[in-house]
1. Listed residues LYS268, LYS191; which is touching a strand residue (DSSP E or B) at 6+ places or on another chain (Cβ under 7 Å) and either modelled with pLDDT under 95 or of a type in the set (Phe, Trp, Tyr) (or both)?
2. With SER143, SER148, SER190 as the choices, which residue is hydroxyl-bearing (Ser, Thr, Tyr) and open to solvent by 30 Å² or more (accessible area, probe 1.4 Å)?
3. Under 9 Å between Cβ atoms, which residue pairs at least 6 apart in sequence (or on different chains) link something in region 37-64 that is farther than 25 Å from LYS191 by Cα with a partner that is open to solvent by less than 60 Å² (accessible area, probe 1.4 Å) and among the hydroxyl-bearing types (Ser, Thr, Tyr)?
4. If ALA10 satisfies all but one of (1) touching a Ser or Thr at 6+ places or on another chain (Cβ under 9 Å); (2) at pLDDT 95 or above, what's the number of the condition it fails?
5. Go through (1) at pLDDT 95 or above; (2) in a helix (DSSP H, G or I); (3) surrounded by fewer than 21 Cβ atoms within 10 Å (Cβ to Cβ) one by one and return the number of the condition ALA37 breaks.
6. Where in region 85-185 are the helices (runs of 4 or more DSSP H), entirely inside, with at least 1 residues that are among the β-branched types (Val, Ile, Thr)?
7. Would you be able to tell me the number of residues in region 95-109 that are of a type in the set (A, V, I, L, M), crowded, with 16+ Cβ neighbours inside 10 Å and over 14 Å from the mean Cα position of the chain (by Cα)?
8. I need the full set of residues from region 1-32 which are within 12 Å of ALA88 (Cβ to Cβ) and among the hydroxyl-bearing types (Ser, Thr, Tyr), in order please.
Amino acid sequence: MAYLEPSEFATKMVDAGEQKIFMSTKDTLIRAFMAGAILALAAFFAITVITKTGNPLIGSLLFPVGFIMLYLMKFDLLTGVFTLVPLAVLDKRNGCTMNELWRNWGLVFIGNFGGAITVAFFASFILTYGYQIEGGAVAEKVSTIGESRTLGYKEQGILGWFTIFIRGMLCNWMVSMGVVGAMISTSAGSKMAAMWMPIMLFFYMAFEHSIVNMFLFPFSMIMGGDFTIGDYLLWNEIPTVLGNLAGGLLLVGLPLYFTHVKTTKERKAKEKATETIAAL
């Protein structure tokens, strides 16, 4: 495998953030929609496997296939742009402003939600033959998950809210490590291996991923989950999104930027200044 040094792939992270900022509205929405849909389908697949085998580890081993597919197609998840796009602004790339950052995040959020909820309706439709029969074991499983990961947190009050927030941080720490891991090599096989490990970890540990939840909770409500849209937003999606932002940026993006990109620039500037003085 062709391994890239951290200073090289950290610069690629900033380049990727810049490219996403300047992507057209149409392309951003389409890529985000497809990313949300593919990740939702992978979640549906993993839940089905877990329900039929009774083994969460098997579902966790297989879930990363969705993340790998969407990444190789260059589709965009909110969790990824949370980590990459701020680096282009921080690096003062030409035209990369906070307004452009908010625009990108907003479009990706809308696209991801559209793709995820579309798959939620598709999944509920095929399980019930057009809502004519009960959804079976998978529907029962997803209803239980939806209730426990909203009302279960709600019962704990503010500590439950911060529990979701921290689970969201841990989630995007791992997901963003998968995004960055795919940049350390030019080999497709190596990229897949680097992505597989952290994605498997977050899913098995039941950390909170905002886009997976955009599928999971609407799907759960359609399948009979006894909680409200307000419960879903306040006691899951909002703290999850905030946690994903904090985890991806603070635990992955900024450490790599400051210790590799910024440090490398400062070292090169000093070397250039030294060469200039020596030449005089």
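1. Working: LYS268 fails: touching a strand residue (DSSP E or B) at 6+ places or on another chain (Cβ under 7 Å).
Answer to the check: LYS191.
2. Testing whether each residue is hydroxyl-bearing (Ser, Thr, Tyr) and open to solvent by 30 Å² or more (accessible area, probe 1.4 Å) leaves just SER148.
3. Final answer for the pair search is ILE50/SER60.
4. Result: ALA10 passes all but (2).
5. (3) is the only condition that ALA37 fails.
6. Passing ranges, in order: 98-128, 136-148, 158-181.
7. Number satisfying all stated conditions: 2.
8. Answer for region 1-32, where residues must be within 12 Å of ALA88 (Cβ to Cβ) and among the hydroxyl-bearing types (Ser, Thr, Tyr): just THR11.
The values are calculated or read from the model by the stated rules, or taken from the named source; none is laboratory data. Just so you know, these numbers come straight off a predicted model, no measurement behind them. Because the Cβ atoms are built from the backbone with ideal geometry, glycine has one as well, and the counts that use them run over all protein chains shown. These accessible areas exclude ligands, DNA and RNA; they are computed on the full protein's heavy atoms, side chains included. Shrake-Rupley method; radii C 1.70, N 1.55, O 1.52, S 1.80 Å.
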